[in-house]
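Asker: My structure is below; once you've seen it, I'll send some questions.
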Amino acid sequence: NNGGGGRAARGSLRRGPPAMEGGALPIRRHRRALVRAVSERPFLIVTGETGSGKSTQLPKYLYEAGLAKHGAIGVTQPRRVATISVAQRVAEEMGCALGGVVGYQVRFDDCSSEETAIKYMTDGCLLRHILADPLLSKYSIIILDEAHERSLSTDILFGLLKKLFLQNKPPGRKTEMKVVVMSATLEVDKLSEFFGHCSVLHIPGRSYPVKEIFCNLLSPRDTGSSAYAVKVTLDIHLNEAEGDILVFLTGQIEIEKACDLLFKKAETIDYRYEVHDQSVEGLLILPLYGSMSTDQQKRIFLPAPKGIRKCVVSTNIAATSLTIEGVRYVVDSGFVKQLNHNPRVGLDILEVVPISKSEAMQRAGRAGRTSSGKSYRLYSTEFWEQCMPDHTVPEIKRTSLTSVILTLKCLSVHDVIRFPYLDRPEERHILEALKQLYQCDAIDRRGHVTRLGEFLVQFPLPPNLSCAVIKAASLDCEDMLLPIAAMLSVENVFIRPGDPQKQKEAELQHQELSSQVGGCNDFATLLNIFEQCKSPSAWCHKYWIHWRAVKSALSVEKQLREITNKLKQLPDFPKETFEGSRTELLRRCLCAGYFINVARRSAARTFCTMDGHGSIVYIHPSSTLYNQETRLEWIIFHDVTVTSKIYVRTVCPVRYEWVKDLLPRLHQIDAYELSSVAREEVTEEEITRWKHKEDLRRQCGLTKLEKRNDDKSIQDARARYLERKQQRAQGLSGPLKETS
DNA sequence: GAGCACTGC
């Protein structure tokens, strides 16, 4: 490869200075206007592309103008890494130690002090602060950055801050709160209208033009075959000038296959005759996705050797979370994997869906960070027009709202349906959440938060899991439940190697871990792993366990333990006793949280859920109870996944006596009743009267007709899954052969 | 007899 290929390829591409100093940024000319706008009005929107310097400079300007005298400036980011790195840069620019005037706080890592006047934090962190201090009395200004990403927490903060302002300087606040929303140029009119038609300031960014090319390879029926991506990538490599390539695909399997194929094709290239740009002498192919180890991920950021073109094949992680310098060409499959919640069947379905137009522009923008670039879209203009929405549906409209609604209720937002949402979730999503909260006794029949609900909201966990934890704490056996809750909130701890031989070995070891605790309870297996695995030792290697995942579980467990200890000191924290075996105790605690996820065995190896949907589910083959179905009757499970079948994962058998008293609660109250109590105070008589009104029942999506539709939506999801699987199997050999 | 996009507290 090192035949002395002449021109210095990569150096000449990097025109932008490696780190822009505050003084050179475009935002500087707007300093006065920004400070004036913030001091004069309660709300301000600042728009600008990446590279405008708004995240680092604006808080500094406001601080230097003396606007942080009566309270700190809080700046939120959707991601931890970004939060810390922005804080570091600002502290450096202002010449102070991090944690002093400039600080940050993210989960597990608080680097701030009494002195901190500019505090960067994740949006989730600010939401936690609000729970402890609803008036945010320590802050004079809140800046919500990256608002266009519309994270769940940012969306909730929008509504809460708007409400806080409408209270018009409530007692307890020294000064009026100021709110600045920073966003890419996206749906700005809607945002401005939401905040009472507030002013919008635009800061020009610093990026280079990107040419957008439609390759017309994908018909609307295809779901992102990696074969087309490989073809286009090779075309770029052979025909385009130096510069790195970034390919967007949907998932690990597509990426690994595309990389294999790309490698095979690239090996056969004769660089003397086939390559247009003679300074290009090789191709370095690198996969990138979230479940890769951090060390593997780091390789992506190393510059390729001289003359070698780097090609990163990535999931959406490269769209926002990780930035790769030097990319000049983007290949966009037009698809993304998205988790969508279906409230009527109560299931989350991970689907491959077309990206939105704004997401496509975001992907294209990755080619114009250091020089002008090109974005190759595998799809056609018809696909662009007909299949791709303008904007991505915000998370709040796609996700289960149980935790969010509980948070709002704890902040005395009684009417959760008419809360000022920038984008209102469908009513049935809210009703489903209310129903679930009622079922686990977090709210009462009137929709008011209970004492238990106040305990539950303290945990960074889904309410049903918090329920199990509290039950355990009341029985003084939280040592069993805290590790399980932690293990269930981190990524999968079981390593699943690609090689079939190794896969078998890994399966045997996982089975062994389960047998050590009786071999019939997936939750107990997690506890077993947590207790045995305390360092990245040979143990992890032997049992095929992800150390990174267990390590995060250790931090989560510590945090949960601290919260539990605090709650247990409260005089009204429940106390119970239990006589029985340890395994029964564990399973009973799990029942307290998961009785909504109880299922009874139906025909052959299937189970029927008891949540009112009566879905037919199968035990996932990764469970230790797989193949033991006929010996079981009642089970509880942690979650559901819809692929070729509806599978339940993380399962344990229970006895009917343990859940029989809890089950009636699942049918005691219907969503429509809670719909009414969510809006206003109603009497018990009214609730009873409504109970029999069939039209209301219809409104809340519980009719047989709608249930059939939902069965259809699951059928569709399964059909799409199988189609994708087939495409993956044949697509790679198919279309590419014609062109090679 | 299977598959896990990405965040966050």
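Asker: Set the Förster distance to 30 Å, then compute FRET efficiency between A:His541 and A:Gln252 from the Cβ-Cβ distance, nearest 0.05.
Answerer: The formula returns an efficiency of 0.90 here.
Asker: With a 1.4 Å probe and all protein chains in place, put A:Cys259, A:Cys215 in order of accessible area, largest first.
Answerer: A:Cys215, A:Cys259
Asker: What's the carbon and sulfur percent of chain A's accessible surface, probe 1.4 angstrom, rounded to a whole number?
Answerer: C and S atoms contribute 50 percent here.
Asker: For A:Leu508, what accessible area in Å² do you get when you roll a 1.4 Å probe over the heavy atoms of the protein chains, rounding to the nearest 10?
Answerer: The accessible area comes out at roughly 120 Å².
Asker: With each pseudo-label sitting 7 Å past Cα toward Cβ, what's the A:Asp260-A:Gln715 distance in nm, one decimal?
Answerer: Output for this residue pair reads 3.4 nm.
Asker: Let me ask something else. Can you report the principal axis dimensions of the stretch A:69-143 using only the alpha carbons, biggest first, rounded to whole angstrom?
Answerer: If we take the Cα atoms of the stretch A:69-143, the spans are 32, 27, 19 Å.
Asker: Sort all Cα-Cα distances of the stretch A:102-208 into consecutive 5 angstrom bins from zero, then give the percent of pairs in each bin up to the one containing the longest distance.
Answerer: 2, 10, 20, 24, 20, 14, 7, 2, 0, 0
Asker: Okay, moving on. What whole-number distance in Å separates the alpha-carbon centres of the stretch A:609-658 and the stretch A:297-364?
Answerer: 33
Asker: Pull up the cross-link candidates among the lysines for A:Lys645, meaning alpha carbon to alpha carbon under 17 Å and not fewer than 8 places away within one chain.
Answerer: Straight-line reach from A:Lys645, under 17 Å: A:Lys712, A:Lys725.
Asker: Sorting check: for A:50-62, A:89-101, A:347-359, which peptide has the highest mean count of neighbouring beta carbons within 10 Å, and how do the rest follow?
Answerer: A:50-62, A:347-359, A:89-101
Asker: A further question on this structure: If the convex hull of the alpha-carbon atoms of chain A is projected onto planes in all directions, what is the mean projected area in square nanometres?
Answerer: Seen from a random direction, the Cα hull of chain A projects 34.5 nm² on average.
Asker: Keeping all protein chains in place and using 1.4 angstrom, which order do A:Asp133, A:Asp295 fall into by accessible surface area, from largest down?
Answerer: The ordering from most to least exposed comes out as A:Asp295, A:Asp133.
Asker: Pick out, from A:Ala91, A:His620, A:Phe523, the residue whose Cα sits farthest towards the positive end of the charge dipole of chain A, with +1 on the Cβ of Lys and Arg and -1 on the Cβ of Asp and Glu.
Answerer: Checked the options; the winner is A:Ala91.
Asker: Oh, and also: Quick query: amide H of A:Ser112 versus all other amide H atoms, modeled in the peptide plane; which residues come in under 5 Å with a sequence gap of 5 or more or a different chain?
Answerer: Result for A:Ser112 returns A:Tyr104.
Asker: Using 0.36 nm per residue of separation minus the Cα-Cα distance, give me the extension gain between A:Thr294 and A:Arg32 in nm, one decimal.
Answerer: 90.1 nm
Asker: Using a Förster distance of 22 angstrom, determine the FRET efficiency expected from the C-beta separation of A:Lys725 and A:Glu505, and round it to 0.05.
Answerer: Calculated value: 0.30.
Asker: While we're on this one: Leaving ligands, DNA and RNA out of it, work out the accessible area of A:Tyr626 with a 1.4 Å probe and give it in Å² to the nearest 10.
Answerer: Answer for A:Tyr626: close to 80 Å² accessible.
Asker: As an exercise, take the mean of 1/r over every pair of distinct alpha carbons in the stretch A:560-601, invert it, and state the Kirkwood radius in angstroms.
Answerer: Final number for the Kirkwood radius of the stretch A:560-601 is 12.6 Å.
Asker: With both bridge residues required to lie in chain A, what share of the DSSP beta bridges run antiparallel, to the nearest 5%?
Answerer: 35
Asker: Might you tell me the accessible area per residue for the stretch A:322-363, computed with a 1.4 Å probe and given in Å²?
Answerer: Accessible area per residue, the stretch A:322-363: 30 Å².
Asker: Starting from the Cα-Cα distance between A:Leu570 and A:Asp109, subtract it from 0.36 nm times their residue separation and give me the gain in nm to one decimal.
Answerer: Answer, rounded to one decimal: 163.3 nm.
Asker: Another one. With all protein chains present, calculate the accessible area of A:Leu456 using a 1.4 Å probe and round the result to the nearest 10 Å².
Answerer: A:Leu456 exposes around 0 Å² with every protein chain in place.
Asker: Packing-wise, with mean Cβ within 10 Å as the measure, how do A:104-111, A:373-380 rank, highest first?
Answerer: Ranked by mean Cβ neighbours within 10 Å, highest first: A:373-380, A:104-111.
Asker: Using heavy-atom solvent-accessible surface (probe 1.4 Å) with all chains present, what is the largest-first order of A:Leu461, A:Leu238?
Answerer: Listed by decreasing accessible area, they come as A:Leu238, A:Leu461.
Asker: What number, in percent, do you get for the relative contact order of the stretch A:26-202 if the mean sequence gap of Cα pairs under 8 Å and at least 6 apart is divided by its residue count?
Answerer: 31
Asker: May I pose another question? For an R0 of 51 angstrom, estimate the FRET efficiency from the Cβ-Cβ distance between A:Glu426 and A:Gln278 and round to the nearest 0.05.
Answerer: Working from the Cβ atoms, E equals 0.35.
Asker: Can you tell me the convex hull volume per residue for the stretch A:458-666, based on C-alpha atoms, in Å³ to the nearest whole number?
Answerer: Considering the Cα atoms of the stretch A:458-666, their hull volume per residue is 130 Å³.
Asker: What distance in nm separates the two pseudo spin-label positions at A:His391 and A:Glu40, each 7 Å out from Cα along the beta-carbon direction?
Answerer: 2.6
Asker: Dividing the Cα radius of gyration by the Kirkwood radius, what Rg/Rh value follows for the stretch A:32-180?
Answerer: Here Rg/Rh amounts to 0.92.
Asker: For chain A, what is the charge dipole size about the Cα centre, in debye to the nearest 20, if Lys and Arg each add +1 at the Cβ and Asp and Glu each add -1 at the Cβ?
Answerer: Around 900 debye, computed over chain A.
Asker: Using 0.36 nm per residue, how much length does the chain from A:Ala241 to A:Glu212 gain when fully extended, once their Cα-Cα distance is taken away?
Answerer: 8.8 nm
Asker: For the stretch A:244-330, what log10 I(q)/I(0) values come out of the Debye formula at q = 0.11 1/Å, with one point per alpha carbon and no solvent?
Answerer: Values returned for q = 0.11 Å⁻¹ are -0.30.
Asker: So, one more: Can you list the residues of the stretch A:52-70 with backbone N under 17 Å from a point 7 Å past the Cα of A:Glu93, pointing along Cα to Cβ?
Answerer: Taking a point 7 Å out along Cα→Cβ of A:Glu93, the residues of the stretch A:52-70 whose backbone N falls under 17 Å are A:52-68.
The values are calculated or read from the model by the stated rules, or taken from the named source; none is laboratory data. Bear in mind the structure is a predicted one, so any value in this text is a computation, not a measurement. Methodologically, a virtual Cβ is constructed for each residue, glycine included, from the backbone with ideal geometry; neighbour enumeration extends over all protein chains shown. These accessible areas exclude ligands, DNA and RNA; they are computed on the full protein's heavy atoms, side chains included. Shrake-Rupley method; radii C 1.70, N 1.55, O 1.52, S 1.80 Å.
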